[in-house]
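Participant: Shown below is the structure under consideration.
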Amino acid sequence: MNSKSFYYTVLVIGLLAISSCGRKAGIQHTLREGKGGKKLGGTFHFNETADIRSLDPVQMNDQSSVQVGENVYDRLLEFDEGLNLIPGLSALPEISDGGLTYTFHLRTDAYFHDDPCFPGGKGRKFVASDVVYCYTRALDRTTNTGAEPYFKYIKGGPAYYESNKLPPGGLSGLQAPNDSTVVITLEKPFSPFLNYPAVGFGFIYPHEAVEHYKRDFVFHPVGTGAFKFVDYKQAQYCKLVRNERYWKMDSAGNQLPYIDTLQVTFILDNKVELQQFEAKALDHVYRIPNEFFQDVVDEHKELKGNWKKYHLVHVPALAVQFYGFNTQSPVVSNRHLRRAISFAIDRDKIIKYILKGQAAGPGVHGIVPPSMPGYPSDRVHGFSFNPDSALAELALAKKELGGDIPDITLYLNAGGGRNTEVAEAIQSQLKENLGLNIQLQMLEFSQLTPRVDDGKAPFFRLGWIADYPNPENFLNLLYGKSIPASGPSTINSTRFKNSEFDRLFEAALSEVDRTKTNQLFADAENLAIQDAPMVCLYYDEDYHLLQPNVHDFPANAMFQLDMKYCWFSE
């Protein structure tokens with residue numbers, strides 16, 4: 001046995017001991033009979049390949065934290081499996097004044113979890129002032145908030161964020177006329193705002209928890225959600241238990257959630273994660289390691305061989321992988337060169353031979369994935385593999401640049417090896433199809449993003465996963481007015497500017513009719529994509545492996561791990 005094999009053996013044994021918490025492989029859950037054929041009880045074991053950073057909602061910007069938060073907290077609104085907005089702690093709001101005012105009518109039967117932060121340890125009733133508190137705190141710079149981009153549209157929000165001085169009476173655009181009503185007024189109409197009460201930064205929590213736990217609130221969350229926080233050990237596990245006072249019932253009359261306990265582990269290696277799943281120490285695996293994918297899934301996206309005993313759920317994700325150009329950088333500022341590179345990449349080959357089919361499709365439209373609900377992606381005509389068009393664009397580029405194209409460096413992070421394999425394939429294709437020399441510069445992701453934001457990476461790899469199902473969340477990456485006069489450009493990394501795109505984009509933001517909004521967004525995207533500020537490579541697809549006794553696992557295109565409807569059979 002070599003040292004690497006020994007390491008993995010020891011690691012698996014140790015992690016099984018940590019994650020199982022007494023659970024033996026193959027042992028059935030002790031379940032109770034519910035109504036309508038449902039079984040109640042059991043412990044759901046799942047893994048995150050990164051540790052939690054913070055469970056304070058204003059700081060939640062990573063998948064692991066948000067997926068734990070999904071189950072501890074509630075929001076005013078939620079997304080269903082089709083990414084439609086549905087009621088949460090509020091009914092869908094009334095929108096008036098041309099899109100300026102949102103009136104939320106709140107539930108009156110939701111209670112915060114029992115916790116020592118409350119007198120006598122008994123959780124109190126959720127009321128409108130809790131929403132005002134949470135949304136105001138999202139704009140408080142002293143909290144190290146990352147939520148400001150979502151709440152700055154509230155009237156008075158930008159001034160408060162800049163000055164950190166809250167005016168008497170609070171934000172003028174955030175009012176609670178009574179315990180069950182919240183009225184939000186925006187600075188100006190902004191159609192995507194309707195999604196913001198459903199994102200992770202919009203989780204609702206009580207001021208008592210923040211005041212009681214102070215800095216420790218980041219790892220001691222209190223909410224109204226389906227599960228209560230019990231324990232967390234850094235880089236090891238997080239445990240949640242059923243909230244017995246949860247407000248939501250199913251159609252048969254069962255109080256949600258069905259499951260008694262959620263046990264989360266933090267195993268960084270996805271191959272070890274898959275081994276634990278096979279050993280029945282995990283009930284779920286998210287993303288199948290690339291090197292094993294064709295052994296597990298066939299060309300029809302069905303399980304094969306011994307894997308057929310499990311369940312497979314696959315969903316086209318609201319996510320895109322792309323290579324960006326700094327359009328203000330020498331050489332790649334040339335539009336024809338960017339178009340030549342976009343035409344010269346055979347995306348289908350990359351999906352087939354490198355990704356082994358683990359993608360929703362080639363990036364032949366634009367940056368907005370075709371899985372975006374209601375979005376007319378067929379109006380966006382991107383780039384397919386076309387060697388002749390690539391050579392024609394290259395000839396124009398050489399003419400304008402006055403000669404041969406110098407070597408170009410692509411900056412990227414490894415991404416578990418997949419990014420490297422894709423980059424090497426594209427490096428080979430661009431050499432073969434255009435005669436271009438592409439150098440690869442590998443960086444840690446923490447080093448890559450500052451270089452990109454600072455404009456020091458002419459050609460770079462990034463991906464974008466939706467925070468909410470609205471095209472603006474992707475097209476904002478191309479909005480010229482988001483580029484600062486100086487300093488890092490953290491949103492528009494390509495530093496792309498097109499006044500007509502900006503005009504159409506702004507028109508879409510102020511349009512309240514969703515169909516018209518999407519048409520304007522698509523027209524804007526189609527205009528921008530012709531300039532090739534980025535090479536859209538492929539759209540992601542999420543794959544979930546589940547043990548055979550798991551039912552109604554949540555799987556929408558944004559992978560929001562809301563476990564209140566999930567249940568076990570015998």
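Participant: Could you list the square roots of 5 times each eigenvalue of the Cα gyration tensor of the chain, that is, the equivalent ellipsoid semi-axes, sorted largest first and rounded to whole Å? Write out the running numbers ahead of the final one.
Facilitator: Numbers: eigenvalues 316, 210, 86 Å².
Ellipsoid semi-axes (Å, largest first): 40, 32, 21.
Participant: Roughly how many Å² of E78 are accessible to a 1.4 Å probe, to the nearest 10?
Facilitator: Per-residue accessible area (E78): approximately 10 Å².
Participant: Any chance you could check the Cα centroid distance between the range 100-179 and the range 301-328 for me, in angstrom?
Facilitator: 37 Å
Participant: So what is the relative contact order for the chain, in percent, with contacts set as C-alpha pairs under 8 Å and at least six apart? Each step should come with its number before you reach the end.
Facilitator: Details: 1182 pairs, mean separation 107.4, N = 570.
Answer for the chain is 19 percent.
Participant: If you don't mind, there's one more thing I want to ask. Once you have a ≥ b ≥ c as the square roots of the Cα gyration tensor eigenvalues for the range 291-428, tell me rounded if a/c is under 1.5, and otherwise prolate or oblate according to whether a/b is larger than b/c. Numbers along the way, then the final one.
Facilitator: Details: a/c = 2.54, a/b = 1.89, b/c = 1.34.
In terms of gyration-tensor shape, prolate.
Participant: Nearest 500 deg cm²/dmol is fine: what mean residue ellipticity at 222 nm does the chain get from its DSSP H runs of n ≥ 4 alone, each adding -39,500 (n - 2.57), divided by its residue count? Working shown, then result.
Facilitator: Details: 15 runs with 151 residues, N = 570.
Per the formula, -8000 deg cm²/dmol.
Participant: If you don't mind, there's one more thing I want to ask. Which whole-Hz couplings ³J(HN,Hα) result when phi for each residue of the range 205-213 is put into the Karplus expression 6.51 cos²θ - 1.76 cosθ + 1.60, θ = phi - 60°, listed in order with x for Gly and Pro?
Facilitator: Those phi angles translate into 8, x, 4, 4, 5, 5, 6, 6, 8 Hz.
Participant: From the phi of every residue in the range 42-58, what ³J(HN,Hα) in whole Hz does the Karplus formula 6.51 cos²θ - 1.76 cosθ + 1.60 yield, where θ is phi - 60° and glycine or proline is x?
Facilitator: x, 10, 9, 9, 9, 10, 10, 8, 8, 6, 5, 9, 6, 9, 7, x, 6
Participant: Would you mind pulling out the separation of the Cα centroids of the range 396-460 and the range 491-513, in Å?
Facilitator: 27 Å
Participant: Another question about this same structure. Reachable lysines from K516, Cα under 22 Å, same-chain residues fewer than 8 places away excluded?
Facilitator: K188
Participant: For the chain, with every protein chain kept in place, what is the accessible area per residue (1.4 Å probe, Å²)? Present the calculation step by step, with values, prior to reporting the outcome.
Facilitator: Details: 23880 Å² over 570 residues.
That works out to 42 Å² per residue.
Participant: Still on this structure: Between K280 and N84, how high is the FRET efficiency from 1/(1 + (r/R0)^6) when r is the Cβ-Cβ distance and R₀ = 41 Å? Nearest 0.05. List each step's numbers first, then the result.
Facilitator: Working: r = 35 Å, r/R0 = 0.85.
The value I calculate is 0.75.
Participant: For the chain, which DSSP H helices look membrane-span-like by this rule: Cα extent along the axis of 15 Å or more and mean Kyte-Doolittle of at least -1.0?
Facilitator: What comes out of the filter, once short or polar helices are dropped, is 3-20, 387-401, 418-434, 499-510, 514-529.
Participant: In terms of modelled amide H atoms, which long-range or inter-chain residues lie less than 5 Å from the amide H of E48?
Facilitator: Correct list: T265, F266, I267.
Participant: When the distances between all Cα atoms of the range 416-570 are binned every 5 Å from zero, what whole-number percent does each bin get?
Facilitator: 1, 7, 13, 15, 15, 15, 13, 10, 6, 4, 1, 0, 0
Participant: Can you list residues from other chains, or at least 5 along the same chain, whose modelled amide H is less than 5 Å from the amide H of T409?
Facilitator: Q439
Participant: Could you give the length gained on full extension between Q236 and N164, defined as 0.36 nm per residue of separation minus the Cα-Cα distance, in nm? The partial results should precede the final answer.
Facilitator: On the way: separation 72, 0.36 × 72 = 25.92 nm, distance 3.68 nm.
Answer, rounded to one decimal: 22.2 nm.
Participant: Let me ask something additional. Ignoring ligands, DNA and RNA, what percent of the accessible area of the range 160-214 is carbon or sulfur (1.4 Å)? Let's see the in-between values first.
Facilitator: On the way: 1250 of 2370 Å².
In the range 160-214, the share of accessible area belonging to carbon and sulfur is 53 percent.
Participant: Just how far, in whole angstrom, is the range 226-293 from the range 521-570 if you go by their alpha carbon centroids?
Facilitator: 19 Å
Participant: Carbon and sulfur together cover what percent of the accessible area of the range 355-432 at a 1.4 Å probe radius? Before the final figure, lay out the partial values.
Facilitator: Details: 1700 of 3540 Å².
Solvent-exposed carbon and sulfur of the range 355-432 make up 48 percent of the total.
Participant: With a/c under 1.5 counting as rounded, go ahead and sort the range 152-191 into rounded, prolate or oblate using the C-alpha gyration tensor (a ≥ b ≥ c being the square roots of the eigenvalues; past the cut-off, prolate if a/b is larger than b/c, else oblate). Provide the component values of the computation, followed by the final result.
Facilitator: Numbers: a/c = 3.14, a/b = 1.22, b/c = 2.59.
It comes out oblate by the Cα gyration axes.
The values are calculated or read from the model by the stated rules, or taken from the named source; none is laboratory data. Being a predicted model, the structure only gives us computed values, none of them experimental. Here the Cβ is made from the backbone with ideal geometry for all residues, glycine too, and neighbour counts use every protein chain on show. The protein model used for the area step is the full one, side chains on, heavy atoms only, and it has no ligands, DNA or RNA in it. Shrake-Rupley method; radii C 1.70, N 1.55, O 1.52, S 1.80 Å.
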